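J.: Dropping the structure in here first, questions after.
Every number in this text was worked out from the coordinates using simple rules, so none of it is lab data. Worth saying up front: this structure is predicted, and the values here are computed from it rather than measured. Cβ atoms come from the backbone with ideal geometry, glycine included; neighbour counts cover every protein chain shown.
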Amino acid sequence: MSDSSLHSAGSVSKPDTIFEVENVSVSFDMNRGHSRVVDDVSVEIERDEIIGVVGESGSGKSMFAAALLDAVVEPGLLSGEITYYPEDGEPIDVLSLDDDELRRFRWEEVAMVDQGAMDSFNPTMSIEEHFRETILAHEANLEEGMDHARELLAELYLDPDRVFEAYPHELSGGMQQRTLIALSMVLKPNVIVMDEPTAALDLLMQRSITSLISQLRDKYGITVIFITHDLPLVAGLADRLGVMYAFDFVEFGPTYDVLKDAAHPYTRALLKAVPNTLTPLEDMRPIDGDSPDPVDVPRGCSYHPRCPLATQECIDSDPSFYEVHGDRERLSACHHWEDAAEAIPYSLSTEERV
Amino acid sequence: MARSADPVVELDNVQVHFNDTGFIDKLRGDETIVHAVEDVSLDIAENEAIALVGESGCGKTTLGKVAVGLQRPTGGTIRYRGQDIWEAKENGRNSEIPYSKIRQSLQIVHQDPGSSLNPNRTVLTSLEVPLKMTQSEMGADAREQRIYQLLEYLGMKPPQDYAHRYPHQLSGGEQQRVALGRALLMSPDVILADEAVSALDVSLRVEMMDLMHDLQEVFNTSFVFISHDFANARYFAGKVGGKIGVMYLGELVEFGPAEEVIRNPQHPYTKVLSWATPTLDPDLAAEESMDPPVRKIDIPDPVNPPSGCRFHTRCPDAREACARESPSLQRGETDSLVSCFRMDDQHEYWNSDPFEGDDDPTEREHAGEQ
């Protein structure tokens with residue numbers, strides 16, 4: 001870790017920060033040119049929060065998740081600084097961990113759950129063996145670990161005896177996904193990164209799992225980074241939202257504020273475009289224009305070609321974050337955030353329109 | 001029954017049972033019968049939009065496939081403009097409406113457009129196939145012009161550029177447009193859109209559904225739109241005054257005007273789907289219960305569907321009567337048809353004891369979720 005980053009980590013971050021991401025980029029060299037799929041992202045994740053990271057496919061959100069665990073696959077190039085602050089002990093510079101340290105970090109401090117539960121299990125091993133092996137591989141106490149596993153499974157509305165006996169293919173998709181969440185928590189990590197953990201599931205199972213995640217957070221005090229394209233899904237779960245567009249965040253804020261009165265034109269257009277059961281049908285509108293190409297991101301503000309508020313300023317300069325109404329918690333990367341509400345009205349329920 | 005005046009397609013008491021008996025079971029003489037669809041009657045009128053919703057394994061795709069003649073029912077009948085589809089297939093040329101005409105009139109668009117398009121064919125070659133079939137007299141130039149027109153209509157501009165691309169050079173939304181265009185070139189009366197927007201980003205779904213509505217108006221096509229997502233079903237059917245049918249374990253449990261079903265759900269299962277649909281408004285979301293309004297969150301196995309009302313094992317309002325007797329669709333206080341004893345003030349349900357729940361050890365969880 002360089003001196004300058006130590007300095008900034010010490011002075012800038014608040015005591016309750018668990019992850020500090022500074023100027024992180026992920027790039028790939030493609031035949032058509034150089035593509036940056038995470039573009040100079042800086043963000044702080046707070047301890048014990050549930051942060052929803054929302055963005056459309058190809059906005060860079062999954063790559064951002066991989067970067068947090070230093071799990072960007074070759075030939076992707078990861079740069080920047082990622083600092084993890086354990087509750088006690090020295091800050092950890094994630095990108096300088098060696099393979100063994102990284103392996104421990106990934107399960108014991110930060111666990112990952114992604115959408116393909118089936119691919120995460122070994123088809124020839126029973127679920128019990130998965131738990132046993134995970135606990136033993138990390139030299140944890142087997143008996144305590146297995147008790148904890150049973151407790152977690154029961155909390156996820158599963159019958160521990162039956163699930164332990166089963167092989168992965170004998171469980172339904174919803175049961176596999178819940179089992180995977182229990183497995184990811186068995187070593188008591190402090191952070192769980194969930195990348196579309198419910199995408200392949202039915203509505204009822206999605207909603208049940210998001211309720212469970214919220215209950216597990218309250219009980220075990222974990223930080224949850226929930227990544228999804230499905231804004232409504234995370235709306236009822238997250239404390240805070242981060243909206244990604246074209247490989248970088250464009251808006252941050254408490255979920256309530258972002259939903260009620262989003263301060264970035266893209267977020268507002270997205271809220272208008274998302275099918276839901278309350279908004280008057282005639283108010284739902286698709287977002288004009290096309291998603292940007294990672295090889296050819298528009299200069300200036302990457303949203304300017306689709307934005308009704310775009311001016312020459314937006315083409316000339318890439319906006320950094322503005323504090324919305326002087327609130328440090330609410331950030332919008334838009335030169336014209338003050339005009340966004342009037343230019344792009346939307347309504348969340350039957351009557352009101354903001 | 002969900003009837004309409006001058007239907008294009010009529011389904012009467014349709015039943016589909018799949019025999020899922022494995023080789024070993026067969027030797028033992030055990031049979032495994034999956035009850036995919038049970039006694040469903042439904043009409044599809046001209047220019048209509050019907051959305052079928054329900055959890056995976058509820059039979060919505062199977063019912064949809066019956067409606068477009070791709071799945072032969074094991075009971076009941078399916079007619080296209082009065083002609084029994086499966087009789088037409090057997091009678092060949094003697095049929096009043098030939099089977100080939102019926103097949104052409106009923107089309108399907110799949111969930112995953114990437115795998116329904118031939119990866120080795122350009123958009124142009126893929127779209128030529130239906131035109132060669134339906135309008136064999138058309139010259140190559142005219143065909144190409146027609147395809148360019150269609151691509152432009154589908155919002156894929158410039159069409160000359162898109163026409164020469166391969167599926168992998170298209171986004172998911174563009175692939176889905178090509179699949180839709182290919183179905184439309186058959187000039188169908190009914191298109192089954194099976195989870196046709198589910199694979200798309202939420203931000204692209206309204207656009208795709210708007211396109212389907214535009215095409216419905218221009219080509220006078222009816223749509224059967226299958227979705228596990230209540231919000232998509234509402235937009236698709238509600239925007240054009242269509243209907244929503246809610247399915248549970250092979251049965252139609254509620255059927256009515258889209259906005260009515262969404263705003264005023266009557267069946268306890270429809271209320272569960274409504275709970276499961278996330279609310280964007282944070283004030284309303286805060287008022288909602290965190291716990292699902294069901295006894296169990298996992299679906300019973302369709303091989304052994306529960307007795308009586310199939311929903312009674314999960315229904316928060318279930319009483320003993322529900323385990324014994326099976327309700328049929330009837331009108332309650334709204335315009336919807338609802339299959340629940342609670343619609344009938346006189347039913348013995350009201351004097352029956354609350355259902356205590358059974359932990360039937362033979363009940364296996366359904367393992368076929370998506």
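J.: Suppose every Lys and Arg Cβ carries +1 and every Asp and Glu Cβ carries -1, with no other charges. What dipole size does chain B come out with about its Cα centre, to the nearest 20 debye?
T.: Numbers: 35 positive and 61 negative charges, 329 e Å.
Computed charge dipole of chain B: roughly 1580 debye.
J.: Sticking with this structure for a sec: Under the Cβ-under-4.7 Å rule, which cysteines of chain A stay unpaired?
T.: Cysteines lacking a close Cβ partner in chain A: A:Cys307, A:Cys334.
J.: Follow-up question, since we're still on this one. Across the residues of A:205-215, average count of Cβ atoms on other protein chains within 10 Å?
T.: 4
J.: Per residue of the stretch B:275-284, in order, report the coupling 6.51 cos²θ - 1.76 cosθ + 1.60 (Karplus, θ = phi - 60°) as ³J(HN,Hα) in whole Hz, putting x for Gly and Pro.
T.: Listing the rounded values in order: 4, 6, 7, x, 9, 7, 6, x, 5, 6 Hz.
J.: With the dipole of chain B worked out from charges on the C-beta (+1 for Lys and Arg, -1 for Asp and Glu) around the Cα centre, which of B:Gly238, B:Gln135, B:Leu154 lies farthest toward the positive end?
T.: Positive-end residue among those listed: B:Gln135.
J.: Grab every C-alpha pair in the stretch A:223-318, bin the distances at 5 angstrom width from 0 up to the longest one, and report whole percents.
T.: 2, 12, 21, 24, 19, 13, 7, 2, 0
J.: Quick one: which residues, 5+ away or cross-chain, put their amide H under 5 Å from the amide H of A:Tyr346? H built at 1.01 Å from N.
T.: Answer set, sorted by chain and number: A:Val354.
J.: Express the C-alpha Rg of chain B as a ratio against the empirical globular expectation 2.2 N^0.38 Å, rounded to two decimals.
T.: After normalising by residue count via 2.2 N^0.38 Å, the value is 1.06.
J.: Magnitude of the Cβ-charge dipole of chain A, K/R +1 and D/E -1, about the Cα centre, nearest 20 debye?
T.: On the way: 26 positive and 67 negative charges, 192 e Å.
Using only the charged Cβ atoms, the result is roughly 920 debye.
J.: In µm²/s, what is D for the stretch A:262-343 at 10 °C and 1.306 mPa s, where D = kT/(6 pi eta Rh) by Stokes-Einstein and Rh is the Kirkwood radius from Cα pairs? Provide the component values of the computation, followed by the final result.
T.: On the way: Rh = 13.8 Å.
The calculation lands on 115 µm²/s.
J.: So what is Rg over Rh here for the protein assembly as shown, counting just Cα atoms and using Kirkwood for Rh? Please report the intermediate quantities before stating the final value.
T.: Numbers: Rg = 26.9 Å, Rh = 27.6 Å.
Expressed as Rg/Rh, it is 0.97.
J.: Post the alpha-carbon centroid distance, the stretch A:133-159 to the stretch B:50-80, in whole angstrom.
T.: Value for the Cα centre distance between the two parts: 43 Å.
J.: Please name whichever of A:Ser126, A:Ala340, B:Pro73 sits farthest to the positive end of the charge dipole of the protein assembly as shown, dipole taken about the Cα centre and charges placed at Cβ: Lys and Arg +1, Asp and Glu -1.
T.: B:Pro73
J.: Taking every eigenvalue of the Cα gyration tensor of the stretch B:121-165, multiplying by 5 and rooting it, what semi-axes result, largest first, whole Å?
T.: In descending order, the three semi-axes are 18, 11, 8 Å.
J.: To the nearest 0.05, what FRET efficiency results for A:Leu95 and A:Lys219 with a Förster distance of 41 Å applied to their C-beta separation?
T.: Values: r = 32 Å, r/R0 = 0.77.
For A:Leu95 and A:Lys219, the calculated efficiency is 0.85.
J.: Using the Cα atoms as the points, what is the convex hull volume per residue of the stretch A:118-193 in Å³?
T.: 90
J.: Moving on. For the pair B:Leu27 and B:Ser115, what calculated FRET efficiency results from E = 1/(1 + (r/R0)^6), where r is the Cβ-Cβ distance and R0 = 35 Å, to the nearest 0.05? Spell out each step's value before the answer.
T.: Details: r = 35 Å, r/R0 = 1.00.
Rounded to the nearest 0.05, the efficiency is 0.50.
J.: Something else about it: Through the Karplus equation 6.51 cos²θ - 1.76 cosθ + 1.60, θ set to phi - 60°, convert the phi angles of the stretch B:62-77 into ³J(HN,Hα) values in whole Hz; use x for Gly and Pro.
T.: So the Karplus estimates, Gly and Pro as x, are 4, 4, x, 5, 5, 5, 10, x, 9, 10, 7, x, 8, x, x, 10 Hz.
J.: Ranked from highest to lowest mean number of other Cβ atoms within 10 Å per residue, what is the order of the peptides A:123-131, B:107-115, A:68-76?
T.: The packing order, highest mean first, is B:107-115, A:123-131, A:68-76.
J.: If each DSSP helix of 4+ residues adds -39,500 (n - 2.57) and the sum is divided by the residues in chain A, what number results at 222 nm, nearest 500 deg cm²/dmol?
T.: My calculation for chain A gives -9500 deg cm²/dmol from helical runs alone.
J.: Count, for each residue of B:231-240, the Cβ atoms from other chains sitting within 10 Å of its Cβ, then give me the mean as a whole number.
T.: Partner-chain Cβ atoms within 10 Å, mean over residues of B:231-240: 4.
J.: Still on this structure, please answer the following. To the nearest 20 debye, what charge dipole does the stretch B:121-165 have about its Cα centre, counting +1 at the Cβ of each Lys and Arg and -1 at the Cβ of each Asp and Glu?
T.: That gives a dipole near 160 debye.
J.: Between the stretch A:185-212 and the stretch B:85-112, what is the C-alpha centre distance in whole Å?
T.: A separation of 44 Å, based on Cα centres.
J.: Right, next: Could you order the peptides A:260-269, B:37-46, A:34-43 from most to least packed, using the average number of other C-beta atoms within 10 Å per residue?
T.: A:260-269, B:37-46, A:34-43
J.: At 0.36 nm per residue, and after removing the present C-alpha to C-alpha distance, how many nm does the segment from A:His325 to A:Asp16 gain when stretched out fully?
T.: 108.9 nm is the gain from fully extending A:His325 to A:Asp16.
J.: List, in order, the whole-Hz ³J(HN,Hα) value for each residue of the stretch B:322-331 obtained from phi through the Karplus relation with A = 6.51, B = -1.76, C = 1.60 and θ = phi - 60°; use x for Gly and Pro.
T.: Once rounded to whole Hz, the list reads 5, 7, 9, 10, 9, x, 10, 5, 8, 7.
J.: May I ask for the distance between the Cα centers of the stretch B:264-298 and the stretch B:120-175, given as a whole number of Å?
T.: 43
J.: May I pose another question? Let me check the size of chain A from its C-alpha atoms; what are the radius of gyration and Dmax in Å?
T.: Every Cα atom of chain A included, Rg and Dmax give 21.0, 64 Å.
J.: Per residue of B:271-279, what is the mean number of Cβ atoms on other protein chains within 10 angstrom of that residue's Cβ?
T.: So the per-residue partner count for this stretch is 6.
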